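As structure tokens, the structure follows; a few thoughts come after it.
The values are calculated or read from the model by the stated rules, or taken from the named source; none is laboratory data. Computed from a prediction, not measured in an experiment: that's the story for all the values here. Don't worry about glycine lacking a Cβ; one is built from the backbone with ideal geometry, like all the others, and counts go over all protein chains shown.
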Amino acid sequence: MKTFLDFTRPIELNMRDLEMAGLAREVAALVGPSAGQQGVRIEVESHPDEIFVHADPDLLKQAILNVVVNGVESMKAGGRLGIQLRQEGGECCLDISDEGVGIPPEHRDKIFNLYYSTKGKGSGIGLAMTYRVVQLHNGTIDFSSQAGQGTTFRLRLPGLGKDPRR
């Protein structure tokens, strides 16, 4: 019950200009040691090198972390998890691709639902929270998946264009 109340309460955003490649590298560094123990290597690419958004850094980090951790957990045999950033039409596009088991078609329309989990120990909160955080930042999230080949989550957030510090 407490989790549900925490999830549904209003969130106060602490917005600031945020460089996304740095945030992505921070998430990769957090997950890297445990991913490495599973034989998963995390690679971050950004084109251009710096892409800025106006966002709450803590909430956005948690949202990305949820997707990355799910991706690592889906790769029991190891592999590559890629985090790719690019600018497209004034948006920051963040793709997180794994080489895991994929999401079966019968689960795809439910994965962002609160408390829905396909993992035995999963709470079903991670992707629901990620979805909510992306929406709070006026962004979108979707995914594509192939059984046995992996999943790619695509987060799109309004971009700030060039470096706002200049």
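Brief remarks follow.
- Here ASN138 passes the criteria (1) touching a Gly at 6+ places or on another chain (Cβ under 6 Å); (2) modelled with pLDDT of 95 or more; (3) at positive phi; (4) of a type outside the set (A, V, I, L, M) except the one numbered (1).
- Of the residues making up region 32-46, those that are hydrophobic (A, V, I, L, M, F, W, C) and either touching a Phe, Trp or Tyr at 6+ places or on another chain (Cβ under 9 Å) or closer than 27 Å to GLU88 by Cα (or both) number 2.
Condition check ((1) closer than 29 Å to LEU160 by Cβ; (2) touching a residue at least 12 places away in the same chain (Cβ under 8 Å)) across all residues:
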position	(1), (2)
MET20	yes, yes
ALA29	yes, no
GLY36	no, no
GLU43	yes, yes
VAL69	yes, yes
VAL72	no, yes
LYS76	no, yes
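- Check on GLY100, free of Cβ contacts under 8 Å to residues at least 12 places away in the same chain and in contact with a strand residue (DSSP E or B) (Cβ under 8 Å, 6 or more places away or on another chain): no
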